[in-house]
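Comments concern the structure below.
The values are calculated or read from the model by the stated rules, or taken from the named source; none is laboratory data. Small disclaimer: the values here were computed from a predicted structure and weren't measured. Note that each Cβ is placed from the backbone with ideal geometry, even for glycine, and that neighbours are counted across all protein chains shown. These area figures cover heavy atoms from the full protein model, side chains too; ligands, DNA and RNA do not enter into them. Shrake-Rupley method; radii C 1.70, N 1.55, O 1.52, S 1.80 Å.
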Amino acid sequence: MAAVILGWNFNRRNGWDYRAAVEQVAESGRSLQRWSAGDNRNILTGTEAWLLLQGGSDACAGLIGHGVVFSEPYESVPSGDADAPGCYVSVVFDALLPLGEQIRPAALSAAVPAIPWDDAQRCSSLAVPPGAEPDLRQLWRDYGPSADEPMQLVAGTYPPHAVSTVGVNRYERNPDARRVCLAFHGTSCAACGFSFEASYGDIGTGFIEVHHVVPPVMLGDGYQLDPVADLVPLCPNCHAMAHRGVASPRTVSELRSIISAAGHMTGEVVSELALEAQADARRILEGRQD
């Protein structure tokens, strides 16, 4: 499943502090949520997710968010009014519109008629027909969050024709390219070796950011992305440092050198774990496997 629409029935999920989630996305670029998928157990890790606000009238309903699924479906034991029996997935939302700014049903039907929007209004999850994905992304570009920062190519993006220019927090990830990249490189950070699965267990399985090795500005017309050669997994910290303060991103080797040479802050009590991490960085840099 390449993309899925997740339904948000406001009356059934009124415990969600949506405004806080919107602020979290604005500040950090992501908001992690556990989401009901109904009886749909075919959703894969890396599936593009679109959030549809469900309501009794056009004034209340509409497309309101975008994210990526980063867990396989799992069962949840009911614990109070907020939970219901069924299948759940973990979703990292990377763009959320404020309430009242959702893209209305009339605009959805007109721009993407291949999606049965009436059905989407009544179910927890609905697979997006592959042929409808380009129109859906174009609609989001036209009516989704406005970009307050310069346009850039977002990690994991597959340029459709030439270099794709998309706003910050507008993710057009190609799940197939991401899966190929991670199948070859693994899900540990290529720079520091951090593994979300090792640190967080099941909820961290398969979670890592994907980074473009070649700066997008250097990609010419007709460029076709090679998921193995052009993409590498980086943890959010290393990914941020790769881009911080430079026009051209730092390479993985540069990040390893920086980590290896950084040492520790003055006056810091150095833990055994920190010493081991620094030794690991040096070993990776030197190409040793012991």
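See the values below:
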{"item": "Computed accessible area, R256, all protein chains, 1.4 angstrom probe, square angstrom", "result": "60"}
{"item": "Rough spin-label spacing in nm, given labels placed 7 Å along Cα→Cβ, for W16 and A279", "result": "4.6"}
{"item": "Estimated FRET transfer efficiency (E23, D142; beta-carbon r; R0 25 Å; 0.05)", "result": "0.55"}
{"item": "Distance between modelled label sites at R122 and V214, nm, 7 Å Cα→Cβ extension", "result": "4.8"}
{"item": "S253 accessible area, assembled protein chains, probe 1.4 Å, Å²", "result": "70"}
{"item": "By accessible area with a 1.4 Å probe, ligands and nucleic acids excluded, highest first: order of L44, L52", "result": "L44, L52"}
{"item": "Per-residue SASA entry for E254, accessible area with 1.4 Å probe, Å² rounded to 10", "result": "90"}
